[in-house]
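The values are calculated or read from the model by the stated rules, or taken from the named source; none is laboratory data. Quick caveat, the model's predicted, so the values are computed rather than measured. Using ideal geometry, Cβ is built from the backbone for each residue, glycine included, and neighbour counts are taken over all protein chains shown.
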Amino acid sequence: MLTKHMILEPTDINIQKAVAALRAGQLVAFPTETVYGLGAHACDGVAVAKIFALKNRPQINPLITHGADQDMLEDYAIFDERARALAAQFWPGPLSFILRLKEKSGISDLVTAGLPTIGVRVPAHKVARDVIAALGAPVAAPSANISGRLSPTAAHHVIEEFGDKISFVLAGGVADVGLESTILDLTTHAPTILRPGAITATDIELVLNEKISYEDHTTLTPKSPGQLLRHYAPRKKLRLHAVDVDENEALLAFGSTRFMAARHGGAVKNFPHDRIRNLSEAGDLYEAAAYLFRYLRELDQSPYQSIAVMDVPKKGVGIAINDRLQRAAKAQES
Ligand code: TXA
Ligand code: MG
């Protein structure tokens, strides 16, 4: 269901409309540079509860709190030296920190899932920051999709997810980054990446001058209930490491497909448009990240039974791309 009038241009009047909705305890879907978010006033527990209900999200899974700037978030989270150095380098931008929660912060317990820690970030998208600044309070926002499904990278994806269950989406173009923020836990002795993203361990190491650990949870036995959650899954089955394409498959390509063959004859280069998407013909990982969720969504709507996915190198932002692909493929095994 695509109702155009539910997508609002981010004019001053519409930003005010979003702020009024947040003040009234309603949800607002808005653009960020990573993916579109579904926001509530982070101190309004009733409003935050609506996020969990609408997304069908387990309440054990905490939300990221978004600030208009670091100052706003300093009222809620305890920033240490490492957090300050990283914020100076990467904020506003696609990096979230897990920090200790301040006592009596006023943040809803649902946002933190009752933990003594809080996930925070300052998004780079102007519309997101304008809304939060005008509200004058932080906004708790997960990605604006049904729990476990692909994150939305365009306003119309949000409508595809929720239809008229939300009153409107603020438009902000196609998300630049296309993958959710990197999550860095700074409450542990050694900083740990909990979710890889466009800002890589190497980027972070250069600022902190210390080793950053990252456990690839997609290849480990899950240790916590949160890690069991279905994630980033299209409806169709994914077949990873594809070097050819079966009769009933669409193809998510990366790099050149000039010499790739289909199993039952014919060349991939002659595929109709609805059967193939190329994340980046030039092999650019940032370009691939930006298109990943959008192309998975589009191939999910193609008439083919499943999606063959070519390998993407596991380096730099490719680590985050592989994380999402492996979770998507794994979600369907269970
Ligand atoms: O790019 C993003 O981060 C997007 C946009 C909207 O900002 N948001 C997003 O939110 O991806 P969500 O809810 O889909 O993912 C938040 C992740 C979850 O995996 C959650 O478990 C983790 O952050 N998280 C939040 N607070 C945490 C905490 N206190 N400790 C550990 N993990 C936390
Ligand atoms: Mg999400």
Taking segment 197-243 as the region of interest, how many residues are within 17 Å of the chain's Cα centre (by Cα) and modelled with pLDDT of 95 or more? 4
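To keep it simple, each residue is scored yes or no on (1) away from ligand 1 (no atom under 14 Å from the Cβ); (2) at pLDDT below 95; (3) part of a strand (DSSP E or B); (4) aromatic (Phe, Trp, Tyr).
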{"site": "1", "(1), (2), (3), (4)": "yes, yes, no, no"}
{"site": "10", "(1), (2), (3), (4)": "yes, no, no, no"}
{"site": "17", "(1), (2), (3), (4)": "yes, no, no, no"}
{"site": "38", "(1), (2), (3), (4)": "no, no, yes, no"}
{"site": "53", "(1), (2), (3), (4)": "yes, no, no, no"}
{"site": "73", "(1), (2), (3), (4)": "no, no, no, no"}
Take residue 134 and tell me if it is over 22 Å from residue 288 (Cα atoms) and either in contact with a Ser or Thr (Cβ under 8 Å, 6 or more places away or on another chain) or more than 13 Å from ligand 1 (Cβ to nearest atom) (or both). yes
With a cut-off of at least 1 residues that are surrounded by 17 or more Cβ atoms within 10 Å (Cβ to Cβ) and among the small types (Gly, Ala, Ser), name the strands (runs of 3 or more DSSP E) lying wholly within segment 245-321. 249-253, 306-309
Take residue 19 and tell me if it is under 14 Å from residue 138 (Cβ atoms), surrounded by 14 or more Cβ atoms within 10 Å (Cβ to Cβ) and either in contact with a Pro (Cβ under 9 Å, 6 or more places away or on another chain) or not assigned by TED's automatic domain parsing to the domain that holds residue 194 (or both). no
Give me the pairs: first residue in segment 86-109 and of a type in the set (Val, Ile, Thr), second residue assigned to a strand (DSSP E or B) and surrounded by fewer than 20 Cβ atoms within 10 Å (Cβ to Cβ), beta-carbon distance under 8 Å, and six or more apart or on different chains, which are they? 98/117; 98/183; 98/185; 98/194
Specify which of the listed residues (141, 128, 190, 133) is among the aliphatic types (A, V, I, L, M), surrounded by fewer than 17 Cβ atoms within 10 Å (Cβ to Cβ) and closer than 20 Å to residue 23 by Cα. 133
Filter result (out of contact with any helix residue (DSSP H, G or I) (no Cβ under 7 Å at 6 or more places or on another chain), closer than 24 Å to residue 30 by Cβ and assigned to a loop (DSSP other than H, G, I, E, B)) within segment 75-106: 75, 76, 93, 94, 105, 106
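Residues are listed down the side, and each one gets a yes or a no for (1) free of Cβ contacts under 8 Å to residues at least 12 places away in the same chain; (2) out of contact with any His (no Cβ under 7 Å at 6 or more places or on another chain); (3) more than 13 Å from ligand 2 (Cβ to nearest atom):
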{"residue": "112", "(1), (2), (3)": "no, yes, yes"}
{"residue": "128", "(1), (2), (3)": "no, no, yes"}
{"residue": "157", "(1), (2), (3)": "no, yes, no"}
{"residue": "163", "(1), (2), (3)": "no, yes, yes"}
{"residue": "168", "(1), (2), (3)": "no, yes, yes"}
{"residue": "183", "(1), (2), (3)": "no, yes, no"}
{"residue": "200", "(1), (2), (3)": "no, yes, yes"}
